[in-house]
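First up is the structure itself, then whatever we jot down about it.
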Amino acid sequence: MGGSISAHGLGGAKDLPIPSELAIAGAVAALVVSFTVLAVAWREPRYDAATSGRPAPPWLDRLVSSRALAVAARVFGMAFFLYVAAAAVLGEDTLINPSLGTVYVLLWVGLVPASLLLGPVFRAISPARTISMLFAKVSGAPEGEGLYAYPARLGYWPAAAGLFAFVWLELVYPYSTDVGPVRLWFAAYLGIMFIGSALWGTTFLARADPFEVYSSLVAKLSVWGRRDGALVLRSPLANLDTVVPRPGLVAVVGVLFGSTAFDSFRESTPWLQLVQSMSTSRVWPDTLALIAFSAGVSLVLAVATMATGVTSDLPRRALPNLFAHSVIPIIVGYIVAHYLTYFVEYGQQTLIQLSDPFSRGDDYLGTADLQVNYWLSQHPTFLAVTKVCAVTLGHVVGVVAAHDRAVKLLPKRHQLTGQLPLLVAMVGFTVGGLYLLFAA
């Protein structure tokens, strides 16, 4: 069970029976063909947040916008948080404590499918946002407002720092599977969220809460969106185009993508041999490698997007944030490829453990007698094809999103040639991602 937590269910090369060279060549070919088709057939921008999407059925809009559903979601989120918190505080400090699986599986990985299906789901159930709203009611403060206006220059930088702190805890800290450090991390997280929301209102939570920002960005690949306050159904690509470029967005996608790549890299044979040959603790080399992967993704994106011609009214330094949305589908594809087995199989184990939060033989949820289904692990060919397709599809969607943004922003003479550096960067991401997936 401990191995499941530390290895994240990646499985490594034994789960991927198809030749790595064939998978990488096919993925690169898909990117190049996609770009060629776009260059010929996609000459005008097709997505506009002000007009894209069609209105949802009125009854569905009323349901989704209803106060009853909002209250029900907040009650569920708060009740589940208190249930897991009780397990973390009163349960045994062992690997079977369900708070560990809840944090590393249901929260961190589960936010992706939940946000793809339901939209920005964490915003609706966030205990930090719920407690902030309750505090505002008790204190008489206007709901959503703080003492000060949130500084625009901060953007998503606090969320990027929070995401890095979490992935460091998960991937680098040697005691990440002890309940105590996880409990302490979330106590600090909630404290920062409460203080920040008191100072800057719920805008702080929308920009600084790492899990809310993570969920909201992934939700841009769902079919659910808002236009003038009304619920609309959009294609995922049209919805992705509505991502608002803010300072720190490149850092957020850099941490999300870089940390997932690092999770593969840290299990590779060359890296294991290197850190085992060092006399120092593994924490320092792993920390430096995690920083390098996260900063490296951000740097490659910045250089690739800025290496083009711009109009006089478009600063070159604005391009990385304007194109950062195109990395979101790549992140989702790689998370699916990297954590699929882990989420499905250890997620089932977590559901079983949640029924007995204090390890006393209880069955509060009626799931204690369930058995984990290992169908995915028993079908390695299907798993391999799914992983490669997830990575490839994520990059192809990223290329389409970047192309539409390029024809919208760049001058005519640079709309195609200006995308070549970004295409090269995405090919590099594809080759590197698949290589690490096979090498781990």
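Say a paramagnetic label sat at a point 7 Å from the Cα of residue 143, along Cα to Cβ; which residues of region 53-83 have their backbone N under 11 Å from it? Answer for region 53-83: 67-68, 70-71. Computed over protein heavy atoms with a 1.4 Å probe, the accessible surface of region 144-202 works out to 49 Å² per residue. Among 193, 306, 78, the order of accessible area from largest down is 306, 78, 193, computed with a 1.4 Å probe on protein heavy atoms. The portion of the accessible surface of the chain made up by carbon and sulfur, rounded to a whole percent, is 69 (1.4 Å probe; DNA, RNA and ligands excluded). Placing +1 on the Cβ of every Lys and Arg and -1 on the Cβ of every Asp and Glu, with nothing else charged, gives region 281-440 a dipole about its Cα centre of roughly 1020 debye.
Of 238, 324, 188, the residue with the greatest mean-square motion in the GNM of the chain, using alpha carbon springs below 10 Å, is 188.
Rounded, prolate or oblate: pick one for the chain, where a ≥ b ≥ c are the square roots of the eigenvalues of its C-alpha gyration tensor, a/c under 1.5 means rounded, and failing that, prolate if a/b is larger than b/c, else oblate. It comes out oblate by the Cα gyration axes.
Under the criterion of Cα pairs below 8 Å and six or more residues apart, the relative contact order for the chain equals 28 percent.
With springs connecting C-alpha atoms under 10 Å apart, model the chain as a Gaussian network and identify which of 349, 378, 415 has the largest mean-square fluctuation. Maximum fluctuation in the GNM of the chain, among the listed residues, is at 378. Helices in the chain, meaning DSSP H runs of at least 4 residues, each add -39500 (n - 2.57). Divided by all residues, the mean residue ellipticity at 222 nm is -20000 deg cm²/dmol. So, counting K/R as plus one and D/E as minus one, what does the shell of residues with Cβ under 13 Å around residue 231 add up to? Combined, the nearby Lys, Arg, Asp and Glu give +3. Placing +1 on the Cβ of every Lys and Arg and -1 on the Cβ of every Asp and Glu, with no other charges, gives the chain a dipole of roughly 1540 debye about its Cα centre. Between 305, 323, 388, the Cα set farthest toward the positive side of the dipole of region 303-399 (charges on each charged residue's Cβ, about the Cα centre) is that of 305.
Modelled spin-label separation between residue 79 and residue 274, with each label point placed 7 Å from Cα along the Cα-to-Cβ direction: 5.0 nm.
Anisotropy class assigned to region 93-220 is prolate, per the alpha carbon gyration tensor with a/c at or over the 1.5 cut-off and a/b larger than b/c. Rounded to the nearest Hz, the phi-derived 3J(HN,Hα) couplings of region 38-51 under the Karplus curve 6.51 cos²θ - 1.76 cosθ + 1.60 (θ = phi - 60°) are 4, 4, 8, 9, 10, 9, 10, x, 10, 10, 9, 4, 6, 10, where x marks glycine and proline. Protection proxy ranking for 19-26, 249-256, 312-319, using the average of other Cβ atoms within 10 Å per residue and placing the highest first: 249-256, 19-26, 312-319.
Around residue 144, with a cut-off of 12 angstrom between Cβ atoms, what is the net charge of the other residues, counting Lys and Arg +1 and Asp and Glu -1?
Spelling it out: positives minus negatives among the neighbours equals 0.
The calculated FRET efficiency for the pair residue 284 and residue 378, based on their C-beta separation and a Förster distance of 30 Å, comes to about 0.15.
So, for region 354-414, what is the accessible surface per residue at a probe of 1.4 Å, expressed in square angstrom?
49 Å²
Other residues with beta-carbon under 12 Å from the beta-carbon of residue 208 carry, at +1 per Lys or Arg and -1 per Asp or Glu, a net charge of +1. Largest GNM mean-square fluctuation across 129, 405, 43, computed for the chain with C-alpha springs under 10 Å, falls on 43.
The values are calculated or read from the model by the stated rules, or taken from the named source; none is laboratory data. Because the structure is a prediction, the values reported are computed rather than measured. Positions of Cβ are generated from backbone atoms using ideal geometry, with glycine treated the same way; all protein chains shown enter the neighbour counts. Heads up: the accessible areas ignore ligands, DNA and RNA and are worked out on the full protein's heavy atoms, side chains in. Shrake-Rupley method; radii C 1.70, N 1.55, O 1.52, S 1.80 Å.
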